[in-house]
Amino acid sequence: MSFAFQSCINYGAPLDIPVITIDGPTASGKGTVAQRVAKTLGFHLLDSGALYRLVALAAMQNHIPLEDEVGVAALAANLPCRFSNMRVFLSNEDVTNLIRTEEVGNASSHVAALPAVRKALVDRQLRFQQPPGLVADGRDMGTVIFPDAAVKIFLTASVDARADRRYKQLMEKGISANIDVLRRDLADRDARDEQRAASPLKPAEGAFLLDTSNITADEAVALVLQQYRAQYHK
Ligand code: DC
């Protein structure tokens with residue numbers, strides 16, 4: 001797969017390049033689905049959640065309070081991150097696993113609620129729209145960042161299904177977890193993402209709603225590809 005994410009520095013973005021937006025709540029499976037769709041189509045991938053996680057981690061490492069909007073936005077505007085061979089680096093430190101911890105995930109939903117932080121990340125995200133196409137995964141990809149995307153997906157799953165998936169993922173990585181705590185954290189994070197004033201999580205107008213509670217990742221990927229092909233090969 002080719003990743004537009006290989007560097008945080010990207011160049012001009014012609015607008016006739018197809019974009020598939022995949023938005024949805026935490027642990028809905030959209031990361032997996034977005035990666036597989038991008039791989040199948042040979043498209044670039046924007047994992048916008050990773051950017052918010054990197055900002056949160058940078059704030060924690062630099063002892064900047066998560067509610068210090070000006071301080072965190074300044075970090076976001078000059079985030080020294082790099083993406084290479086599926087690894088994520090912050091100031092040359094490999095933080096691929098660190099940004100996936102629950103602690104950083106929770107912190108990221110706080111910094112993501114700050115309008116100045118969101119604004120600081122807009123241009124960086126737009127520049128991922130590079131040929132031959134982009135799959136953009138996040139919360140506001142279809143509503144705010146790529147409102148003209150031809151294919152918009154809103155992918156969701158019940159809190160129970162998502163907590164189960166997150167639990168299994170953490171176990172596979174050897175990270176201990178408590179399913180009840182995970183379920184509560186997911187519900188809290190959903191509430192923060194949905195209720196914030198700045199770019200709240202909601203389906204974009206015209207988005208295809210895909211509930212993955214009872215389908216496999218392969219089935220979800222096939223449905224997204226079907227939407228894309230219906231749009232581009234009419
Ligand atoms: O998808 P994720 O769990 O890696 O996202 C981490 C946090 O960032 C999550 O709380 C929601 C937030 N986020 C956002 O507000 N907007 C995006 N486009 C992507 C993620």
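Where a number appears in this text, it was derived from the coordinates with a stated rule and is not lab data. Not measured: the values here are computed from a predicted model. With ideal geometry, Cβ positions are generated from the backbone for all residues, glycine too; neighbour counts draw on all protein chains shown.
Observations
- Relative contact order, whole percent, for the chain stands at 32, derived from Cα pairs under 8 Å and 6 or more residues apart.
- Mean projected area (nm²) of the alpha-carbon convex hull when segment 179-234 is viewed from all directions: 5.6
- Footprinting exposure proxy for 30, 152 (fewest neighbouring C-beta atoms within 10 Å first): 152, 30
- Full-stretch length increase - residue 148, residue 123 - with 0.36 nm per residue and alpha-carbon distance subtracted: 7.4 nm
- By average C-beta atoms within 10 angstrom, highest first, the peptides 21-29, 196-204: 21-29, 196-204
- A crude spin-label estimate for the pair residue 194 and residue 169, with each label 7 Å from Cα along the Cβ direction, gives 1.9 nm.
- Global dimensions of segment 78-138 from alpha-carbon coordinates: Rg and Dmax equal 13.0, 36 Å.
- In this structure, residue 70 and residue 233 have a Cβ-Cβ separation that, at R0 = 45 Å, corresponds to a calculated FRET efficiency of about 0.40.
- Highest average packing first - 44-54, 222-232, Cβ atoms within 10 Å: 44-54, 222-232
- Equivalent ellipsoid dimensions for the chain as semi-axes, Å, which come from the Cα gyration tensor, largest first: 25, 22, 17
- Cα gyration tensor category, rounded, prolate or oblate, for segment 110-165 with a/c compared to 1.5: oblate
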